[in-house]
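The structure appears right after this line, and notes come after that.
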Amino acid sequence: MTSVLYDAPGPRAKRRNVLFSVVFLVLLALVLWWVWQKMDDKDQLKWSLWEPFTTSEAWTTYLLPGLRNTLKAAALSMVIALPLGAFFGISRMSDHRWVRVPASVVVEFFRSIPVLLLMLFANEVYARSGNVSSEDRPLYAVVTGLVLYNASVLAEIVRAGILSLPKGQTEAAYAVGLRKGQTMTSILLPQAVTAMLPAIVSQLVVIVKDTALGGVMIGYTELLNTRSTLAANYANVIQSFVVVGIIYIILNFLLTSFASWLERRLRRSKRSTGAVVGVGAVDELNAAEVGGSYGAGAGGTI
Amino acid sequence: MFDFLQGYDVLGAFWMTVKLTALSAVGSLVWGTLLAAMRVSPVPLMRGFGTAYVNIVRNIPLTVIIVFSSLGLADIFGMTLGASDDFKAQGFRLAVLGLVAYTAAFVCEALRSGINTVPLGQAEAARAIGLSFSQTLRLIVLPQAFRSVIGPLANVLIALTKNTTVAAAIGVAEAAYLMKGMIEKEAQTLAIGAVFALGFVVLTLPTGLILGWLSKRLAVKR
């Protein structure tokens, strides 16, 4: 048996498991039946409410442009946050106190503030500065908020990636006469990037999910925002939520699966050092804090 | 300098954030523990349900869940959670419901990873010396599992604190909601931003420090 919690079932345990299965199935069926009845009561099962999603109009006018904006904001945030995160991550590991401390403060500060506050704040700053047209402002604000937050989370991922490499790598690099900077750029970083890939991909899920905040709070026309326009047009609130929810689930499930596939593949790979920063890496890093910070975990992966 | 704070109930808004956090934390701990129990149970059907729940809920944005609980559950299905005439209380309860549903998935994963940290050999050893299943669970597995999940659970709690701001999307008057109103009306954007940022640092930093210290202290050294 593969679990610490239970043994291979004998005849009695088998019977008990069957009993539990039946009870659970009945409970589950009752809940589903109740939901179905409730839907029926409120006339939510009428085909006319679901039908719009079989036509191309709902998709080309509302859902696909919304999805495109969601992905656009997510991709932009990722592309900007990654180099920024790498910079802060490496700065945080510097031997110089005057580099390490400010970088740590910046990272811990932006990690402990909700993304929504950053977005609202950025939105207002852009509105006051007047340099950004009001059309572009929501996108700019969403991307700014996401970049500030995720750069600091990525900084921790980069740090975890570098720390996950065997110490011998650095020692060998020094032994053959490389300088500190050379060791970082030609030995540690390339390997760390490979080791970090799964964690980076799984951070994309967090970014995709957070774009939805921009839709509700600052009027960025992403998927959740276009959903409300769609629902206003076809009067199908529940149905539009179900469809949009499914789109998010599929999109993020693909990303999650890709991340764990990548993780498995990297762990198997013979060419790497075997160091892989997995999906929950940032949390684990805080347990084994390296010093130079106050070590408050900021729940990076949720 | 801080004149702009007059006329606004900043402390009240943060108190709302704390209330949202505390209630959702308790709720998601209970529901998350149940889910974790299902995910490690010997009954395949329960395992399947737990896995499906976690994978579905984890991949839906919290914003979608909370907005749905307001527009879908309350407006269409009339689920007001016992506060049909009080719109404020209704928003608060729906927000807690959404936060619990979402956070429980992460609590479940944290607890499950805790059980997975206990080496299989310990259970085998426990059985070998004649301990029953409940004894193994009570004396060997769970104490170690609980001690190893304090760190991950602290992270979940901190993320939950930050996530309560999403309740602003359905008009719950917590910190982010007040900040949105304030920066639109007042001129001192930077000062207002600083006040609210500081508020969240004050809320999350001690949690991280205390629970981080506790998890290091209680961690099972292997």
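Starting from residues that are open to solvent by 20 Å² or more (accessible area, probe 1.4 Å) and either within 20 Å of B:Val166 (Cα to Cα) or acidic (Asp, Glu) (or both), keep the ones in segment A:238-256 and report whichever is nearest to the other protein chains (Cβ to nearest Cβ).
Among those that are open to solvent by 20 Å² or more (accessible area, probe 1.4 Å) and either within 20 Å of B:Val166 (Cα to Cα) or acidic (Asp, Glu) (or both), it is A:Ile249.
If I filter segment B:32-44 for residues that are surrounded by fewer than 23 Cβ atoms within 10 Å (Cβ to Cβ), of a type in the set (Ser, Thr, Tyr), touching a residue at least 40 places away in the same chain (Cβ under 8 Å) and assigned to a helix (DSSP H, G or I), do I get at least one hit?
yes
Need a quick list: helices (runs of 4 or more DSSP H) entirely within segment B:123-222 having at least 3 residues that are open to solvent by less than 50 Å² (accessible area, probe 1.4 Å), closer than 29 Å to B:Ile66 by Cβ and in contact with a helix residue (DSSP H, G or I) (Cβ under 8 Å, 6 or more places away or on another chain).
Result: B:150-163, B:175-185, B:189-218.
Restricting the first residue to segment B:124-140 and requiring it to be under 10 Å from A:Tyr6 (Cα atoms), which pairs with a second residue that is open to solvent by less than 60 Å² (accessible area, probe 1.4 Å) meet a Cβ separation below 7 Å and a spacing of at least six or different chains?
B:Phe133/A:Tyr6; B:Thr136/B:Ala123; B:Thr136/B:Ala126; B:Leu137/A:Leu5
Residues in segment B:160-168: is at least one β-branched (Val, Ile, Thr) and farther than 29 Å from B:Thr80 by Cβ?
No, that holds for no residue.
May I ask you to say which residue of A:Val22, A:Val4 is open to solvent by 60 Å² or more (accessible area, probe 1.4 Å) and within 11 Å of chain B (Cβ to nearest Cβ)?
Of A:Val22, A:Val4, the one residue that is open to solvent by 60 Å² or more (accessible area, probe 1.4 Å) and within 11 Å of chain B (Cβ to nearest Cβ) is A:Val22.
Here are some residues: A:Ala212, A:Ala192, A:Ala173. Which one is modelled with pLDDT of 90 or more, assigned to a helix (DSSP H, G or I) and over 28 Å from B:Asn55 (Cβ atoms)?
One residue alone meets the criteria, A:Ala173.
A quick yes/no check of all residues on (1) away from every other protein chain (no Cβ under 11 Å); (2) among the aromatic types (Phe, Trp, Tyr); (3) open to solvent by less than 60 Å² (accessible area, probe 1.4 Å):
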| position | (1), (2), (3) |
| --- | --- |
| A:Arg92 | yes, no, yes |
| A:Asp95 | yes, no, no |
| A:Ser104 | yes, no, yes |
| A:Ile113 | no, no, yes |
| A:Glu124 | no, no, yes |
| A:Ala127 | no, no, yes |
| A:Thr144 | yes, no, yes |
| A:Ala155 | yes, no, yes |
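How about segment B:45-70: which of its residues are free of Cβ contacts under 8 Å to residues at least 12 places away in the same chain and open to solvent by 50 Å² or more (accessible area, probe 1.4 Å)?
Passing the criteria: B:Leu45, B:Arg47, B:Phe49, B:Ile56.
Can you find, within segment A:157-174, the residue that is farthest from A:Gln191 (Cα to Cα) among those that are among the small types (Gly, Ala, Ser) and buried (at least 24 other Cβ atoms within 10 Å of the Cβ)?
If we take residues in segment A:157-174 being among the small types (Gly, Ala, Ser) and buried (at least 24 other Cβ atoms within 10 Å of the Cβ), then A:Ala160 is farthest from A:Gln191 (Cα to Cα).
Consider A:Trp50 against the criteria (1) more than 25 Å from B:Phe196 (Cα to Cα); (2) open to solvent by less than 80 Å² (accessible area, probe 1.4 Å); (3) not in a helix (DSSP H, G or I): it satisfies all of them except one. Which criterion is unmet?
(3)
Is it the case that segment B:113-125 has a residue that's more than 8 Å from chain A (Cβ to nearest Cβ), over 26 Å from B:Phe14 (Cα atoms), of a type in the set (A, V, I, L, M, F, W, C) and more than 26 Å from the chain's Cα centre (by Cα)?
yes
Return only the number of the condition from (1) modelled with pLDDT under 90; (2) within 18 Å of the chain's Cα centre (by Cα); (3) within 30 Å of B:Tyr8 (Cα to Cα); (4) aromatic (Phe, Trp, Tyr) that B:Phe146 does not satisfy.
The failed condition is (3).
Collect the residues in segment A:221-240 that are in a helix (DSSP H, G or I), among the polar types (S, T, N, Q) and over 18 Å from A:Thr55 (Cβ atoms), keeping them in residue-number order.
A:Asn225, A:Ser228
Output the residues belonging to segment A:67-103 that are closer than 18 Å to A:Val205 by Cβ and among the small types (Gly, Ala, Ser).
Answer for segment A:67-103, where residues must be closer than 18 Å to A:Val205 by Cβ and among the small types (Gly, Ala, Ser): A:Ala73, A:Ala74, A:Ala75, A:Ser77, A:Ala81, A:Gly85.
Can you tell me which of B:Ala219, B:Ala197, B:Ala175 is at pLDDT 90 or above, facing chain A (nearest Cβ under 9 Å) and either more than 30 Å from A:Arg128 (Cβ to Cβ) or touching a Gly at 6+ places or on another chain (Cβ under 7 Å) (or both)?
Among B:Ala219, B:Ala197, B:Ala175, only B:Ala175 is at pLDDT 90 or above, facing chain A (nearest Cβ under 9 Å) and either more than 30 Å from A:Arg128 (Cβ to Cβ) or touching a Gly at 6+ places or on another chain (Cβ under 7 Å) (or both).
Answer with yes or no whether A:Lys14 is at the interface with chain B (Cβ under 10 Å from one of its Cβ atoms) and open to solvent by 90 Å² or more (accessible area, probe 1.4 Å).
When the stated conditions are applied, A:Lys14 passes them.
Every residue, every condition in (1) modelled with pLDDT of 95 or more; (2) in contact with a Cys (Cβ under 6 Å, 6 or more places away or on another chain); (3) not in a helix (DSSP H, G or I), yes or no:
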residue	(1), (2), (3)
A:Thr2	no, no, yes
A:Tyr6	no, no, yes
A:Ala13	no, no, no
A:Arg16	no, no, no
A:Val26	yes, no, no
A:Ala29	yes, no, no
A:Trp34	no, no, no
A:Gln37	no, no, no
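List, please: which pairs have Cβ atoms under 8 Å, are six or more places apart or on different chains, and start with a residue in segment B:203-214 that is closer than 11 Å to B:Ile150 by Cα and within 8 Å of chain A (Cβ to nearest Cβ) and end with one that is outside any helix (DSSP H, G or I) and open to solvent by 60 Å² or more (accessible area, probe 1.4 Å)?
Matching pairs, first to second residue: B:Gly208/A:Tyr294.
The values are calculated or read from the model by the stated rules, or taken from the named source; none is laboratory data. This structure is a prediction, so every number in the text was calculated from the model and none was measured. Glycine gets a Cβ as well: all are built from the backbone with ideal geometry, and neighbour counts include every protein chain shown. Ligands, DNA and RNA are stripped out before the accessible areas are found, and what is left, the full protein with its side chains, is counted by its heavy atoms. Shrake-Rupley method; radii C 1.70, N 1.55, O 1.52, S 1.80 Å.
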